[in-house]
Amino acid sequence: MSNTTTETTNSNNELEKLERNEFNQNLGLIVDSHCHLQEDTENIEHSLELPYEKMFLMGTTVEDWDRVNTLADRFNDKWKDTKTAYRSFGIHPWFVYKLQPPQELIGQPIDTLKPDGDKYQVDNSWYDKLRENLIRYPDAIVGEIGIDKVTKVKAIGKNDPHSQMIVLSKQIQLANEFNRVVSLHCVQLHGKLLDFFQALPLQQFPPRVALHTFGGKPSTVQQFSKMKDQKGDRFYFGLSFINLTSSKVSKLIESIPDDRLLLESDQNTPLEANESIFKVVKAISTTKKWTIKETLERTRLNALRFLAK
Ligand SMILES: [Zn+2]
């Protein structure tokens with residue numbers, strides 16, 4: 001290793017140390033706009049100790065909504081009005097097939113070895129349960145919902161975009177009816193999502209939509225945020241450590257308007273939440289030329305604006 005390299009490494013380490021300090025001193029400013037901490041039921045005590053101002057707990061299945069409620073009850077009870085865990089209820093596109101099976105499977109036995117056993121059928125019971133949760137919790141968010149081109153329904157060995165769209169539309173409709181913000185997952189279907197929202201009249205829009213772990217291109221950010229009839233004002237863009245695996249992440253960060261950027265851990269364990277958020281904060285700070293604290297302050301304000309009734 002040359003001297004210059006050693007010096008660079010040392011000053012990088014020094015910088016990272018300072019940044020970590022600044023981060024650790026400002027954990028109370030964090031709004032984690034997308035996480036699944038309720039999934040780690042063994043470490044619930046750790047989740048209760050996270051010093052974040054707010055966290056949005058994303059429920060992905062009907063069963064998961066109970067875990068969301070358990071953690072939110074305990075967190076909010078512990079912190080009273082100083083910190084808040086927001087409940088989010090949704091059917092994630094990965095699990096849509098269990099409730100809305102592909103057309104070709106309907107009526108077929110779930111277990112091919114038991115032809116007289118349970119058959120695939122449409123189960124709409126989630127819809128009423130989602131409504132009940134939204135009525136019961138006026139601050140609840142709709143999420144995690146969305147569309148995903150990569151996930152496969154095992155029994156047919158392929159993706160089922162049709163069923164995903166049916167379940168997504170119903171949930172968007174509920175978000176509109178109950179005036180709730182949405183956290184939305186979209187994998188490799190940004191064109192389709194854009195078409196969906198362009199065709200949706202403004203009166204049927206949710207108040208705001210966060211495109212979580214946004215995986216589109218910089219030009220797609222433009223297409224969403226500049227959508228006509230003021231629809232564009234309703235879109236926010238969440239970034240998590242998963243975005244950092246892309247070599248083009250700084251171009252993406254640059255393209256997101258400063259007032260639309262949201263921070264998220266997208267973690268399913270409290271043990272990794274801090275580190276995941278630190279990494280993405282560091283990347284945003286470097287690209288936007290904001291200090292660590294400024295990144296936390298700005299994304300916090302964005303999240304408050306996102307939530308505002
Ligand atoms: Zn998620």
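Just so you know, all these numbers are worked out from the coordinates, no wet-lab data involved. Computed from a predicted model, the values in this text were never measured in an experiment. Backbone-built Cβ (ideal geometry, glycine too); neighbour counts: all protein chains shown.
Its relative contact order, with pairs defined as Cα atoms under 8 Å and 6+ residues apart, puts region 3-307 at 19 percent. Taking 1.002 mPa s as the viscosity and 20 °C as the temperature, the Stokes-Einstein diffusion coefficient of region 3-307 based on its alpha-carbon Kirkwood radius rounds to 106 µm²/s.
Which entries of K98/K170; K83/K129; K192/K217; K251/K279 have Cα-Cα distances beyond 20 Å here? Going by Cα-Cα distance, K83/K129 fall outside the 20 Å limit. Reported to the nearest whole Å, the Cα centre-to-centre distance from region 136-165 to region 268-294 is 28.
For the chain, the longest principal axis of the Cα atoms and the long axis of helix 292-307 meet at an angle of about 30 degrees.
I want the antiparallel fraction of DSSP beta bridges within the chain, as a percent rounded to 5.
Taking every DSSP beta bridge within the chain, about 10 percent pair in antiparallel fashion.
Ordering of 6-14, 228-236 by packing is 228-236, 6-14, highest average first (other Cβ atoms within 10 Å, averaged per residue).
From the P(r) of region 46-99, could you give the percentage of C-alpha pairs in the tail past 17 Å? If you can, show how the numbers build up before the last one.
Numbers: 536 of 1431 pairs.
The calculated P(r) of region 46-99 puts 37 percent of pairs beyond 17 Å.
Close amide H contacts of M227 (hydrogens built in the peptide plane, cut-off under 5 Å, sequence separation of 5 or more or a different chain): G232. Seen against the Cα atoms of the chain and their longest principal axis, helix 3-25 is set at about 60 degrees. The Cα atoms of region 168-270 cover 37, 32, 25 Å along the three principal axes, with the biggest extent listed first. Given the options L261, L105, L130, which has the most mean-square fluctuation in a GNM of the chain, springs set between C-alpha atoms less than 10 angstrom apart? Maximum fluctuation in the GNM of the chain, among the listed residues, is at L105.
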